[in-house]
Amino acid sequence: MASIPQPAPVRGAIDWFVHDRFGMFIHWGTYALAARHEWVKNREAIPDEVYRQYFERFDPDLYEPREWARMAREAGMKYFVITTKHHEGFCLWDSAHTDYKATNTPYGRDLIQPMVEAFRAEGLKVGFYYSLIDWHHPHFPIDRIHPMYKRMTPDQVREANTARDVAIYREYLHNQVRELLTRFGDVSYLFFDFSYPDADAHGIPGKGCQDWGSEELVAMIRSLQPDVLINDRLNLPLDQPDVHTPEQFQPRTWVEKGGRPVFWETCQTFSGSWGYHRDEATWKSPGQLIEMLVNTVSRGGNLLMNVGPTARGTFDPRAQAALRVYGDWLRLHGRAVYGCTQSEFPEPEGCRLTQNGDRLYLHFFHWPFRHLHVDGLAGRVRYAQLLHDASEIRFKEHQQAPHSALEEKLGGNVLTLELPVVKPDVVVPVIELFLK
Ligand code: GLC
């Protein structure tokens, strides 16, 4: 038996976050019209005057945030994080500091206020993603990930940057974050994206905490909303972020930084893009979706699952189907996720464990034939049931596993669960163990 990792305390209010475990990421911007990845401006090195066509045609006439919020709640999500501004620089709210915003598109209205209201009404907490990177602002110095970089020689980049003053951009960034924290009520989570302080091969610098003014920014945030959680992409020292955000991979153990466990959340996509991507076809299967959530919680983390709405303002049918996979499974298995964390017990093969006090949850990524032998649990279990239908699972306790081939391997203290031959008709079956 191992002890459950305990991250050091953080400044923001972390309890709701650790309890809730599952949120919705939303990547929405004018890149939804291009419909070929939110980095399209960079990937195709699209100049401002060409990229502007998306702004000029941005008109999500079917946008109904109450529908989005309902789908998120029904999927079992407890908070949401919206890209108020992505790298393209387009602002979804009516910022006083730019013209490049939703209110100046054909749609003509602020998108954030009704979204915040709708999600709050469904009981979800509000999180704002804000891109530190800005490919529209004239004072954002060109660097290796800027769309114009590919069209210039290093000398041309240096020359162009003499007319760009990062201090002006920094002030803009701070002013916008102040707006986000003063106009929309309680914000529970701020997700900044992202820092890349190293220079490129030609000595053209990337960007990090000096450019963003990260320390002053965090001080301002804490003074405006002391409880808000801040993620780890501001390029600050390790004890500063509340939440660490590994992206697009599944950690095999509890995430550690500097040798210590941290609070963490992994963000993931349904297919291979964050922004709406019409032709991207690598949509994850129901098994992969549920296993991702379970695996994350079994290592003490949160899952932030992304939807990229279309330029009409709808969730693609493929995204809706994926959300239903979560909703159907969580309706029956929610208590193996919310309030749960990594277990103190070792994982049986082919399973993940989550635990909430004296309830231990065995999640089956593979359904064995007739029996599961769990080492180290004999004498610890009062009662066992399949979670989805509360049907009893009978068990035996052994000093040694009952089948000779296993005897040597397992040693003493074995709990043998008697399983139905047919795998229960749920994506990932869960057995709930009531511990003594
Ligand atoms: C990356 C990408 C970005 C996405 C983000 C989500 O940093 O730049 O497009 O918004 O990951 O975490």
Can you tell me which residue in the range 134-145 is nearest to the ligand (Cβ to nearest atom), limited to those that are closer than 24 Å to Asp99 by Cα and open to solvent by 10 Å² or more (accessible area, probe 1.4 Å)?
-> Ile145
For residues that are open to solvent by less than 10 Å² (accessible area, probe 1.4 Å) and under 15 Å from Trp16 (Cβ atoms), tally how many sit in the range 216-229.
-> 2
Give the residue, chosen from Asp227, Asp211, Asp239, Asp200, that is in a loop (DSSP other than H, G, I, E, B) and touching a Phe, Trp or Tyr at 6+ places or on another chain (Cβ under 9 Å).
-> Asp200
Residue hits (the range 376-398; over 11 Å from Leu417 (Cβ atoms), outside any loop (DSSP other than H, G, I, E, B) and open to solvent by less than 50 Å² (accessible area, probe 1.4 Å)) are Ser391, His398
Which one of these is modelled with pLDDT under 95 and either assigned to a strand (DSSP E or B) or surrounded by fewer than 19 Cβ atoms within 10 Å (Cβ to Cβ) (or both): His373, His363?
-> His373
Among the residues of the range 168-181, which ones are farther than 22 Å from Phe55 by Cβ and either open to solvent by 40 Å² or more (accessible area, probe 1.4 Å) or part of a loop (DSSP other than H, G, I, E, B) (or both)?
-> Arg170, Glu171, Arg178
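Quick grid of which residues meet (1) free of Cβ contacts under 8 Å to residues at least 60 places away in the same chain; (2) surrounded by 23 or more Cβ atoms within 10 Å (Cβ to Cβ):
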{"site": "Glu280", "(1), (2)": "no, no"}
{"site": "Trp283", "(1), (2)": "yes, no"}
{"site": "Pro286", "(1), (2)": "no, no"}
{"site": "Met292", "(1), (2)": "yes, no"}
{"site": "Val297", "(1), (2)": "no, yes"}
{"site": "Gly300", "(1), (2)": "no, yes"}
{"site": "Gly313", "(1), (2)": "no, no"}
{"site": "Asp316", "(1), (2)": "yes, no"}
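Residue by residue, here is whether (1) over 27 Å from Gly123 (Cα atoms); (2) within 16 Å of the ligand (Cβ to nearest atom); (3) among the basic types (Lys, Arg); (4) not assigned by TED's automatic domain parsing to the domain that holds Asn161 holds:
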site: Asp186; (1), (2), (3), (4): no, no, no, no
site: Cys209; (1), (2), (3), (4): yes, no, no, no
site: Arg222; (1), (2), (3), (4): no, no, yes, no
site: Gln225; (1), (2), (3), (4): no, no, no, no
site: Ile230; (1), (2), (3), (4): no, yes, no, no
site: Pro237; (1), (2), (3), (4): yes, no, no, no
Working only within the range 113-133, note down all residues that are surrounded by fewer than 23 Cβ atoms within 10 Å (Cβ to Cβ) and more than 16 Å from the ligand (Cβ to nearest atom).
-> Gln113, Pro114, Glu117, Ala118, Arg120, Ala121, Glu122, Gly123, Leu124, Lys125, Val126
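The values are calculated or read from the model by the stated rules, or taken from the named source; none is laboratory data. Since the structure is predicted, the reported quantities are computational estimates derived from the model, not experimental observations. A quick note on method: Cβ atoms are made from the backbone with ideal geometry, for glycine too, and the neighbour counts reach across all protein chains shown. In case anyone asks, the SASA skips ligands and DNA or RNA and just uses the protein heavy atoms, side chains included. Shrake-Rupley method; radii C 1.70, N 1.55, O 1.52, S 1.80 Å.
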